[in-house]
Amino acid sequence: MNMKNLARRFGAALGVVTLLALAPLAQAQQINPTAESVNADVLLEALQDDQMISGRISIPDQRASGLIKPDNKSWRNKHTGLVRTLSIAAVVGAVVILGLFYMIRGRIMIDGKMSGIRILRFSAFERFAHWLMAGSFIVLALTGLNLVLGRIIILPWLGEGAFSTITAWGKVSHNYVGWAFMVGLILSFIVWVSHNIPDKVDAKWIAQGGGIFKKGVHPPAKKFNAGQKVIFWSVMLGGTALSVSGYMLLFPIIAGTEADWQFIQVVHGIVAAGLSFIIIAHIYIGSVGMEGAIDAMAKGDVDLNWAKEHHSLWVEEMQADSGKKDAPPKAAHPAE
Ligand code: HEM
C-alpha cells in the first residue's frame, strides 16, 4: 500500500470516528420533547440558559407551564446562598449573643421578695391572640428554615427518605399555618396597639438601658416598655411583610412577572431571618431570661412586686383605677 492510499484510508477512518462522536449532539438539536420517551440528560444538555421546557396547561397563569429552565436554577443557587447565609447568621448570632448575655448578667431576678399578691396582666383573649400568633410563627419559622437549610443540615443526618417526607409535610404546613399566623397577628394588633404608641417615658427607659444590664435599676414603664414596643412593631411590620409576600408566593399570578416573584421570594427569606433573630431574643427574655415573666402569658397574672419593678407606671394606673393609692390594683388576689 503506497503512502497516498494509506492517507486516504486514515482520512476515511477519522471521518467515521468524528461522525460517531458528533452523533449525540446532532441528536440533541433534533430532540422532540413531546416524544414518548426522551433522554432527560440529552434534553437538558441541549437547553440554552434562556430556553425552557414547557408543557401544556389550561389555567390562566401561563408561567406555570414552565417545567425546566436552566436560568432559574442558577438564580435559585444565588438566592439560596444569600438567604441561607442570613438565616444561619440570625439563628447562630442570636444564640451566641444570648449565651454571652446569660453568662455575664445571669437571669434577671426580682430584687424584692415575691409579695404573694397576684395581679391580672393579660386577659384570656390577649393570651389566645399571643399564642395563636406565637405558635404559628414557630411552626412557620421551623418549616421555613428546613426549606432553606434542611438540605445541608438535616438531609445528611436523616437520609433522603425521611428528609423528603418531613419536607413535603413541612411545606404543606407552611402554606396552611400562614393563615393562622395572619389571624393571630391581626388580633394581637387590635388588643395591644394602644399600649405600644411611643411616648416620653420610653426615652428615659432607653437612656437607662432598660435596667437590663445592671442589677437594681428599674426605669419606670407603662404596660409595655420601650424594648417591648420595638418587638411589637417589628412583629407587626415584619409579620405584615411576611404575610403579603407569602400570599404572593402562594398565588404567583398576582406577584407580577417571574422576576418580581423571584424578588419577593428573596424579600420573604430576608425578613423571616431578621424577625427570627428578634423573636429568639424575645423568647429568651420571656422565659428563662427573666424570673416571673412567663407567668404573664402562661397563667395571665403576675406577682405585684414583679409588676412594680418592671411596669411601675402601669401598676399606678391600675391603682388609680381602683380608687385608693395604696390599694392593690384591680383584679389582684392573694396567691393560692
Ligand atoms: C415560646 C415562645 C414565646 C414565649 C415564651 C413568649 C413569652 C411572652 C411573654 C411572657 C410576654 C409578656 C411579657 C410581659 O408580661 O410584659 C410576651 C409578649 C409578647 N409576645 Fe411572646 N412569647 C413567645 C413567642 C412569641 C412569638 C413567636 C411572637 C411573635 C411572632 C411573640 C410576640 C409577642 C408580642 C408582640 C408580645 C407583646 C410585646 C412584648 O411583650 O414584647 N411572642 N411573650
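Computed from the coordinates by the stated procedures, all read-outs in this text should not be read as laboratory data. Because the structure is a prediction, the values reported are computed rather than measured. FYI the Cβ positions are ideal-geometry reconstructions off the backbone, even for glycines, and counts take in every protein chain you see.
Tabulated results
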item: Gain on full stretching of the segment that runs from Tyr102 to Ile153 - 0.36 nm per residue minus C-alpha separation; result: 15.7 nm
item: Listed peptides 251-257, 304-310, 185-191 by packing density, highest first (mean Cβ within 10 Å); result: 304-310, 185-191, 251-257
item: Cα→Cβ-extended label distance, 7 Å offset, between Val217 and Met109, nm; result: 2.0
item: Inter-site label distance for Val183 and Ala168 at 7 Å from Cα along Cβ, in nm; result: 2.8
item: Entries of Lys171/Lys299; Lys200/Lys299; Lys200/Lys229 with Cα pairs more than 24 Å apart; result: Lys171/Lys299; Lys200/Lys299
